[in-house]
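*Asks:* My questions will all concern the structure given below.
The values are calculated or read from the model by the stated rules, or taken from the named source; none is laboratory data. Only a predicted model underlies this, so the values are computations on that prediction, with no experimental measurement involved. Positions of Cβ are backbone-derived with ideal geometry, glycine not excepted, and every protein chain shown enters the neighbour counts.
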Amino acid sequence: MSAVLALWQRSLKHYFRSRAQMVAALGQPALYLFALGFGLGPVFARAGEGNYIQFIAPGIVGMTILFSSTFSGINLMWDRQFGFLKETLVAPVPRFNIMIGRTLGGATVAVVQGMLVLAVCLVAGFRPVSLAALPVALLFMALIALVFCALGTAIGSRMESMQAFPLVMNFLMMPLFFLSGALYPLGNLPPALAFVTRIDPLSYGVDGLRGALSGTAHFSFALDAGLLAGVAALFLAFGAYSFSRIQL
């Protein structure tokens, strides 16, 4: 347990010491929010779908957590490159505890970034339907972060090329984001596209966030939360197995 807490604290200290990283993490979400939110807002309203900022804001928060949590896997490769990972793995601590500590640290950082982006959304005009729903939104933010931090750790454990990691992750993340319903409603889609969105785990995270913050959801709360929790457990198991196979 001490190893888990130590690695979690290390991730938080590194993040909060890097103010440039905190500011830079807001750039892409703010661009999507303002460029698409205000650019496509009149089209969305004319189609009878209401305020696009209210619709897109939960999707942008989900996107932020997706990118931040998945790219936490590159920290594993940095630690391997500079020897910190070797020092950690030779300690008399189960590798599972080390993996959980790293994953929780990355997930916490991703949730903090998601909360910062949510604050930017409030400035842009987004208004949650109820402050009482914020804990539910926080639950979905944590579930999204756990799912994709575990995935990033699993992939980072199996790769040795730092140059290839961003390419592989972008290849995975961009389809996950664009097929999640973050930018468009999931109703009335062509059957093939509807099927793909249903096997995208981020779809359920974004839908849960949108249900909590905006009051509109495509799936049920139980399905969103239950499926995300199941995928998180599956990816954590896969990440733990991959991490245990690291060769120094």
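*Asks:* What are the residues in region 208-240 that are under 22 Å from GLY152 (Cα atoms) and without any contact (Cβ under 8 Å) to a residue 40 or more places away in the chain, if any?
*Replies:* Those that are under 22 Å from GLY152 (Cα atoms) and without any contact (Cβ under 8 Å) to a residue 40 or more places away in the chain: GLY226, LEU227, GLY230, ALA233, LEU234, ALA237.
*Asks:* Let me ask something additional. Which of the residues belonging to region 145-172 are surrounded by fewer than 21 Cβ atoms within 10 Å (Cβ to Cβ) and in contact with a Ser or Thr (Cβ under 7 Å, 6 or more places away or on another chain)?
*Replies:* ARG158 - this is the single residue of region 145-172 that is surrounded by fewer than 21 Cβ atoms within 10 Å (Cβ to Cβ) and in contact with a Ser or Thr (Cβ under 7 Å, 6 or more places away or on another chain).
*Asks:* Taking region 210-237 as the region of interest, how many residues are buried (at least 24 other Cβ atoms within 10 Å of the Cβ), under 17 Å from GLY187 (Cα atoms) and not basic (Lys, Arg)?
*Replies:* Residues in region 210-237 being buried (at least 24 other Cβ atoms within 10 Å of the Cβ), under 17 Å from GLY187 (Cα atoms) and not basic (Lys, Arg): 1 in total.
*Asks:* Counting only residues that are within 20 Å of SER161 (Cα to Cα) and part of a loop (DSSP other than H, G, I, E, B), which one in region 68-105 is modelled with the lowest pLDDT?
*Replies:* This residue is GLY83.
*Asks:* All but one of (1) among the small types (Gly, Ala, Ser); (2) farther than 12 Å from PRO58 by Cα; (3) in a loop (DSSP other than H, G, I, E, B) hold for ALA217, so report the exception by its number.
*Replies:* Going through the list (1) among the small types (Gly, Ala, Ser); (2) farther than 12 Å from PRO58 by Cα; (3) in a loop (DSSP other than H, G, I, E, B), ALA217 breaks only (2).
*Asks:* So, one more: For region 238-248, name all the residues that are surrounded by fewer than 16 Cβ atoms within 10 Å (Cβ to Cβ) and among the aromatic types (Phe, Trp, Tyr).
*Replies:* TYR241
*Asks:* So which of LEU176, LEU189, LEU209 ends up being hydrophobic (A, V, I, L, M, F, W, C), within 30 Å of ILE53 (Cβ to Cβ) and either assigned to a loop (DSSP other than H, G, I, E, B) or more than 14 Å from the chain's Cα centre (by Cα) (or both)?
*Replies:* So the residue among LEU176, LEU189, LEU209 that is hydrophobic (A, V, I, L, M, F, W, C), within 30 Å of ILE53 (Cβ to Cβ) and either assigned to a loop (DSSP other than H, G, I, E, B) or more than 14 Å from the chain's Cα centre (by Cα) (or both) is LEU189.
*Asks:* I've got another one for you. Out of everything in region 141-169 that is in contact with a Lys or Arg (Cβ under 9 Å, 6 or more places away or on another chain) and assigned to a helix (DSSP H, G or I), what residue ends up being farthest from GLN113 (Cα to Cα)?
*Replies:* The qualifying residue farthest from GLN113 (Cα to Cα) is ARG158.
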